[in-house]
Amino acid sequence: MHIREIKEKIYAVGVNHWDRRLFDELIPLPDGTSYNSYLIIGSEKIALIDAVDPSKENELIENLKKINTQKIDYVISNHAEQDHSGGIPRVLREFPMAKVVTNAKCKGMLKDLLLIPEDKFIEVQDNESLSLGNRTLQFIFAPWVHWPETMLTYLKEDRILFPCDLFGSHLATSDLYAIDEAKVYAAAKRYYAEIMMPFRKNIQKHLEKLKNFQIDIIAPSHGPVYHKPEFIINAYRDWTSDNVKNEIVFPYVSMHGSVEKMAEYFIDAVMKRNITIKPFNLTKTDIGELAMAIVDTATIVIGTPTVLTGPHPAAVYAVYLCNALRPKARFASIIGSYSWGGRMPEMIKEMISNLEVELIPPVIAKGYPKLEDFKALDALAENILEKHRSTGII
Ligand code: FEO
């Protein structure tokens, strides 16, 4: 990838992965991603912030050679996950004098995951500084951005924060900076939703800590660089806050049309009450879109038929995901149908133990929905409206 100079002698040397379409064999990447890495040349020492995914390590090394850097003294590892650390062993082979600078927990993980030997490390403490001569790096421990070892690196003189995953976006773009704010906002929200939402409370604390730092630029390790840091910091404040929106997220699946008919009716009943509803037919859903939708919704309603006495497997997957991502939703309910019996609603209730939601009584039809079922769906929509009013969001 083309190298860009962010400030004098501070280079973006990372790589776009334009056509990657899946992360962790789980998360869809509609816009690809990037593995950002930054070279900081001080008057005495040279530091590389994060490496890249091992599939792109050749390009990282080529970029470093293009700058004609004779040496790297420090490889700062903010996070041990392989999309940022996987290229470190190669960097150490190319620059044998380099040392990996990180915290004790990350060191342990890098030894386990990448077999980097003990003598290659310099271990740092929270808030410790490292001089590059005319430039100084400060390390800010931020456990549970989504792993326990994560830290942020702050370049004091230039007021640049290198937060690795935090504030990042899975977005391959030729823009160095977050110019297209609408696009970057959506990509960053998707990224937050997919991996950081379960750690919302931890991230609130990290945001508080960052108030003590003057930040002119945020240079994450995925997606574009923020030249207006308040844009992404404010977005994170909103997503991690306890505020929810007057919205219902409605993942559903139907086999023979009963749940589909109920879904149609329920969507209209909700719209009549001026509540935003985001339906997701689970046979066609990008799970990233679903994750993004539950970041700030007040209510989640699951729609499913009964299959072999329980929820449809597509609904099980969606419920599992919602439970694992721990959104801040306040209310939940279930819409469904059955032919001959089962304990589908009970099974869904058992699967959402992580969610701090009030369960609103479900609407379950025997077979195709009839007049009394439609009345019950109206009552459910009304009930949700009242609940939303009671929280003050309307
Ligand atoms: Fe981008 Fe948690 O790695």
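The values are calculated or read from the model by the stated rules, or taken from the named source; none is laboratory data. Values in this document were obtained by computation on a predicted structure and should not be read as measured data. Methodologically, a virtual Cβ is constructed for each residue, glycine included, from the backbone with ideal geometry; neighbour enumeration extends over all protein chains shown. Side chains are part of the model used for accessible areas, which takes the heavy atoms of the whole protein and leaves out ligands, DNA and RNA. Shrake-Rupley method; radii C 1.70, N 1.55, O 1.52, S 1.80 Å.
Using label points projected 7 Å from each Cα along Cα→Cβ, tell me how many nm separate residue 317 and residue 127, to one decimal.
Reported label-point gap for residue 317 and residue 127 is 4.7 nm.
To the nearest whole percent, what portion of all C-alpha pairs in segment 121-261 is separated by more than 28 angstrom?
Everything past 28 Å amounts to 27 percent.
Over its Cα atoms, what ratio of radius of gyration to 2.2 N^0.38 Å does segment 257-309 give?
My calculation over the Cα atoms of segment 257-309 gives 1.23.
If I take R0 = 45 Å and measure r between the Cβ atoms of residue 44 and residue 243 in this structure, what FRET efficiency does the formula 1/(1 + (r/R0)^6) give, to the nearest 0.05?
0.45
Tell me, in nm to one decimal, what length is gained between residue 158 and residue 55 on full extension, where the rule is 0.36 nm per residue of separation less the Cα-Cα distance?
Using 0.36 nm per residue and subtracting the Cα-Cα distance, I get 34.0 nm.
Arrange the residues 147, 340, 239, 18 by how much accessible surface each exposes, largest first, with a 1.4 angstrom probe.
The most accessible residue leads, giving 340, 18, 147, 239.
For the chain, build the charge dipole from Cβ charges (+1 Lys, Arg; -1 Asp, Glu) around the Cα centre, then report which of 283, 144, 32 sits farthest towards its positive end.
So the residue furthest toward the plus end is 144.
Calculate, for segment 86-137, the solvent-accessible area per residue in square angstrom, rolling a 1.4 angstrom probe over the heavy atoms of the protein chains.
48 Å²
Report the full-extension gain for the segment residue 368 to residue 179: residue separation times 0.36 nm, less the Cα-Cα distance, to one decimal in nm.
63.0 nm is the gain from fully extending residue 368 to residue 179.
Using a Förster distance of 51 Å, how high is the FRET efficiency between residue 393 and residue 308, based on the Cβ-Cβ distance and rounded to 0.05?
In this case the efficiency is close to 0.85.
Give the Kirkwood hydrodynamic radius (Å, one decimal) of segment 286-342, defined as one over the mean of 1/r across all pairs of different Cα atoms.
Answer for segment 286-342: a Kirkwood hydrodynamic radius of 12.1 Å.
Which value, in Å², gives the accessible area per residue of segment 167-284 when a 1.4 Å probe is used on the protein heavy atoms?
I get 42 Å² per residue for this part.
If you scale each eigenvalue of the Cα gyration tensor by 5 and take the root, what three semi-axes come out for segment 42-187, rounded to whole angstrom and sorted largest first?
Whole-Å semi-axes of the equivalent ellipsoid: 22, 18, 17.
Suppose only helical runs count, i.e. DSSP H with n ≥ 4. What mean residue ellipticity at 222 nm does that imply for the chain under -39500 (n - 2.57) per run, divided by all residues and rounded to the nearest 500 deg cm²/dmol?
Rounded to the nearest 500, the figure is -10000 deg cm²/dmol.
Let me spell out the model: positive unit charges on the Cβ of Lys and Arg, negative unit charges on the Cβ of Asp and Glu, origin at the Cα centre of segment 4-240. What dipole size does that give, in debye rounded to 20?
Taking the Cα centre of segment 4-240 as origin, the dipole is about 320 debye.
Over the chain, what number does the Rg to Rh ratio reach, with both radii from the alpha-carbon atoms and Rh per Kirkwood?
Ratio value, two decimals: 1.06.
Kindly flag which residue pairs out of 107/156; 183/387; 71/211; 189/211; 56/209; 278/328 have an alpha-carbon separation exceeding 26 Å in this structure.
From the list (107/156; 183/387; 71/211; 189/211; 56/209; 278/328), the Cα-Cα distance tops 26 Å for 183/387; 71/211; 56/209.
With all protein chains present, how much of the accessible area of segment 248-388 (probe radius 1.4 Å) comes from carbon and sulfur, to the nearest whole percent?
Carbon with sulfur: 55 percent of the solvent-accessible area.
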